[in-house]
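Quick notes on the structure that follows.
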Amino acid sequence: MSAFYVTTPIYYPNAEPHAGNAYTTIAADVLARYHRLKGNEVCFLTGVDEHAANVYNAAKEEGLSPQAYCDKIAPTFVQLWERLNISHDIFFRTTSDLHKRGAQNFLNVLYDNGDVYKGKYEGYYCLSCEEFFSEKELTDEKVCPTHKLPLQWLEEENYFFRLSKYQDRLIAHFHENPDFVYPATRRNELLNFLESGLQDVSISRASLPWGIPFPFDPEHIIYIWIEALSNYITALGFEVESEEFRTFWPANVHMMGKDIARFHALLWPAMLMAANLPLPKQIVAHGWLTKDGEALSKTRGIFIDMDGDIATYGVDAFRYYLLREFSFGNDGDYRPARLDQRYNADLANDLGNLLNRVLGLVNKNFEGIPAPTTPGDFDTEIKEMAQTTAEQLDTRMKTFAFDSALETIWEFVRRVNRYVQQTEVWTLAKPETKPRMGTILYNSLEALRYISVLLSPFIPDTAEKIQQQIGLAEFDSVAEWGHLPVDLKVSRGEPIFPRVDLKKQQAPQPKESTKPKKKTAKQETDLISFTEFQKLDLRVGCVISAETIEGADRLLKLQVDLGTEKRQVVAGIAEHYKPASLIGKQVIVVVNLEPATIRNVESHGMILAASGDSVVLASPETEVPLGTQVS
RNA sequence: CGCAGGGUAGAGCAGUCUGGUAGCUCGUCGGGCUCAUAACCCGGAGGACGUGGGUUCAAAUCCCACCCCUGCAACCA
């Protein structure tokens with residue numbers, strides 16, 4: 001028995017958890033459960049990263065203190081993990097005393113070892129983001145990419161970590177441990193980055209209102225990434241040299257999305273080196289999820305409807321789909337239609353139906369599970385396949401190939417279906433063949449029990465249901481052929497995955513499930529008074545010329561005749577309208593909007609358009625005199 | 001030359017690192033079975049592996065060039 005420590009990142013509780021968080025956490029859960037099954041002592045850590053600037057901002061928007069806001073959001077993560085059957089051992093919050101003390105302690109160690117020094121940090125700073133931006137990220141105008149506000153040039157005393165010092169040791173570590181980062185593409189990417197040179201990183205922020213102060217200089221707050229990464233050891237009680245820490249550190253697997261692999265594979269190990277602590281064994285980064293081919297986006301209302309899909313198909317189907325359909329490490333496209341197919345084909349037809357047909361035969365012909373008295377064709381093949389399936393599963397799990405791991409198990413499921421077919425068990429009810437019938441049914445049930453064991457890390461509820469229906473009072477997790485006792489009373493066999501009739505569900509809403517939601521949310525928050533509305537000066541104008549703007553894919557430069565005057569207006573409609581098609585068209589213009597320069601082109605006003613999936617210009621129903629007011 | 005990912009049967013994908021009969025699921029066509037959730041089993045059809053060059057006895061796989069798609073970033077006043 002050995003220790004196995006697996007972690008997810010701590011997630012930002014600035015909003016409720018999303019499908020991406022769920023994906024990472026489910027994958028980590030499978031590993032944790034798999035290693036428990038193998039008899040290892042497992043610690044599975046997940047949690048929330050509460051001292052983030054976006055958490056602070058979200059709290060401010062809701063008029064709550066950051067701590068109160070966290071106290072409200074953190075439970076939504078726990079609730080989701082419960083719903084998804086996540087078997088974490090620790091749900092860690094970075095506002096806990098254990099973490100605060102631990103993070104400070106960790107910093108002290110780095111400081112004492114001489115790898116923290118005071119320097120000057122300078123750059124463009126956005127007051128709203130509370131963030132510095134590098135020259136590279138900015139255009140000539142020096143405005144904040146998100147807030148569009150002018151940035152300030154700030155110089156700030158900061159503490160730095162000597163990351164550069166560890167460059168060579170990191171490179172050596174990458175070479176000596178080819179599996180340090182999974183998948184290989186990510187590893188190569190990071191190795192390239194490493195070899196191009198590392199710079200020291202700033203690890204403090206001066207006088208932020210929300211964060212953990214430096215132990216040796218309370219004027220400074222520990223930079224969020226430094227603080228967050230340290231959770232992997234503080235959660236174990238590193239600063240008190242706890243039993244857990246000695247048992248579980250170094251971690252076996254840090255699981256995460258590919259975007260944060262760099263922090264975990266370079267910065268974190270370097271800090272651990274500086275603290276003379278052993279490095280995690282593997283950094284495992286999975287790909288992104290998209291939805292029906294589109295990137296998930298809160299603002300565009302593209303999200304994975306976890307609640308809906310779980311309600312329709314069940315948690316296990318959701319887990320199964322995520323793990324079976326996508327090759328871990330690559331990006332994956334979440335398609336509800338595919339989930340439906342997987343559910344019906346794999347879970348209902350192959351697995352559920354197999355259990356059902358075997359139980360039916362047992363019930364019809366025997367009092368309980370019959371004894372395997374009469375060997376015959378295919379029996380050894382089935383027994384051996386159980387064994388090889390378990391071995392193959394082991395290989396697949398070592399490389400996080402959850403998809404082919406499940407495929408391997410399903411090959412066995414199909415083989416058992418074939419076994420039932422080949423032997424034509426149902427024809428063997430005559431007295432002279434009944435012992436053989438009993439043997440085949442025993443083997444089939446034992447195969448199903450065996451399968452349930454192999455499946456239990458992936459779809460734990462289903463695994464239990466299978467064994468319950470077979471009649472086992474307690475879950476038997478022994479992957480050894482012949483463990484199934486004889487004479488057990490078998491249940492009647494309610495389908496564990498009733499088929500879902502998609503047509504019934506589909507009819508009501510064809511495609512626009514997301515848009516309305518967005519609108520109602522807007523209406524609630526953004527009510528304006530009539531006086532405010534009156535401030536808008538809207539007028540009818542006519543497009544007299546239109547041309548594209550170099551270097552801008554979405555913009556058109558328009559000249560609009562408003563009757564009394566002509567205006568130049570920039571409009572973001574280039575993807576939907578050809579310049580020529582606009583000329584002569586009547587449009588509605590916001591006239592009293594402050595001028596702006598976009599892409600070096602001046603714009604004096606704004607053209608109204610309906611913008612959803614496509615963009616359609618607003619236009620008077622019939623022609624009206626130019627300059628007519630719209631209200 | 002902004003960054004990243006991808007182009008393999010009708011659809012969705014694996015295979016590419018470590019060259020050597022092109023594979024999986026769904027769909028489709030034909031057959032079998034009737035124990036079971038209109039489920040299960042057997043068989044078939046369907047592929048210039050984006051394009052062009054190169055290396056090699058041999059290329060989906062290695063090298064070079066190009067084309068096309070999709071995200072992200074920059075613009076959407």
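All of the numbers you see were taken from the coordinates with simple rules; none came from a lab. Model, not experiment: these values are computed from the prediction. Virtual Cβ from ideal backbone geometry, glycine too; neighbours counted across all protein chains shown.
Panel order for A:LYS100, A:LYS118, A:LYS557, by other beta carbons found within 10 Å of each beta carbon, from fewest to most: A:LYS118, A:LYS100, A:LYS557.
Using the Karplus relation 6.51 cos²θ - 1.76 cosθ + 1.60 with θ = phi - 60°, the per-residue 3J(HN,Hα) values for the range A:468-482 come to 4, 5, 5, x, 6, 6, 10, 5, 9, 9, 8, 8, 9, 5, x Hz, with x marking Gly and Pro. Under 1.5 on a/c is rounded, so check that first for chain A, then, if it is not, pick prolate when a/b is larger than b/c and oblate when it is not; a ≥ b ≥ c are the square roots of the alpha carbon gyration tensor eigenvalues. Because a/c hits 1.5 or more and a/b fails to exceed b/c, chain A counts as oblate. The Cα atoms of the range A:260-388 give a gyration tensor whose axes a ≥ b ≥ c have a/c of 1.5 or more with a/b no greater than b/c, which makes the shape oblate.
Applying 1/(1 + (r/R0)^6) with R0 = 51 Å to the Cβ-Cβ distance of A:ILE260 and A:LYS578, what FRET efficiency is obtained, to the nearest 0.05? Using R0 = 51 Å, I get an efficiency of 0.75.
Amide H contacts of A:HIS286: A:MET256, A:GLY257, A:LYS258, each under 5 Å away and 5 or more positions distant or on a separate chain (H built 1.01 Å from N in the peptide plane; Pro and chain starts excluded). Whole-Hz Karplus values for the range A:351-368 come out as 7, x, 5, 4, 4, 4, 5, 5, 4, x, 5, 5, 4, 6, 10, 9, 7, x Hz, taken residue by residue from phi with 6.51 cos²θ - 1.76 cosθ + 1.60 and θ = phi - 60°; glycine and proline positions read x. Under 5 Å between amide hydrogens, built in the peptide plane, is the criterion, and for A:PHE92 it picks out A:THR46, A:GLY47, A:VAL48 among residues at least 5 positions away or on other chains.
Among beta bridges from DSSP that stay inside chain A, the antiparallel ones total about 70%. With each label point set 7 Å from Cα along the Cα-Cβ vector, what nm distance links A:VAL240 and A:TYR117? Spacing of the two 7 Å Cα→Cβ label points: 3.7 nm.
Residue exposure proxy: A:VAL240, A:VAL570, A:VAL55, ordered by other Cβ atoms within 10 angstrom of their Cβ from fewest to most, comes out as A:VAL240, A:VAL570, A:VAL55. The simple spin-label model puts a point 7 Å past each Cα toward its Cβ; for A:LYS434 and A:LEU64 those points are separated by 6.6 nm.
Assuming charge only on the beta carbon of Lys and Arg (+1) and of Asp and Glu (-1), the dipole of chain A about its Cα centre is about 1460 debye to the nearest 20.
Among the GluC sites (Glu not before Pro) in the range A:577-626, those placed in a DSSP loop whose Cβ has at most 13 other Cβ atoms within 10 Å are A:GLU621, A:GLU623.
Count Lys and Arg as plus one, Asp and Glu as minus one, and take only other residues whose Cβ is under 10 Å from that of A:GLU189; the net charge is then +4.
Modelled this way, with points 7 Å down the Cα-to-C-beta line, the labels at A:VAL601 and A:ALA206 are 4.2 nm from one another. For the range A:201-328, the relative contact order is 15 percent, taking Cα pairs closer than 8 Å that sit 6 or more residues apart in sequence and dividing their mean separation by the residue count. Here r is the Cβ-Cβ distance between A:ASN592 and A:ALA311 and R0 is 41 Å; the resulting FRET efficiency, rounded to 0.05, is 0.25. Under the classification rounded if a/c is under 1.5, otherwise prolate if a/b is larger than b/c and oblate if not, where does the range A:155-203 fall, given a ≥ b ≥ c as square roots of the Cα gyration tensor eigenvalues? The shape class here is prolate. For A:HIS175 and A:LEU608, what does the FRET efficiency come to when R0 = 60 Å and r is the distance between their Cβ atoms, rounded to the nearest 0.05? Rounded to the nearest 0.05, the efficiency is 0.50. A:VAL630 label point, 7 Å along Cα→Cβ, cut-off 14 Å on backbone N: hits in the range A:578-593? Within reach of a label on A:VAL630: A:585-593.
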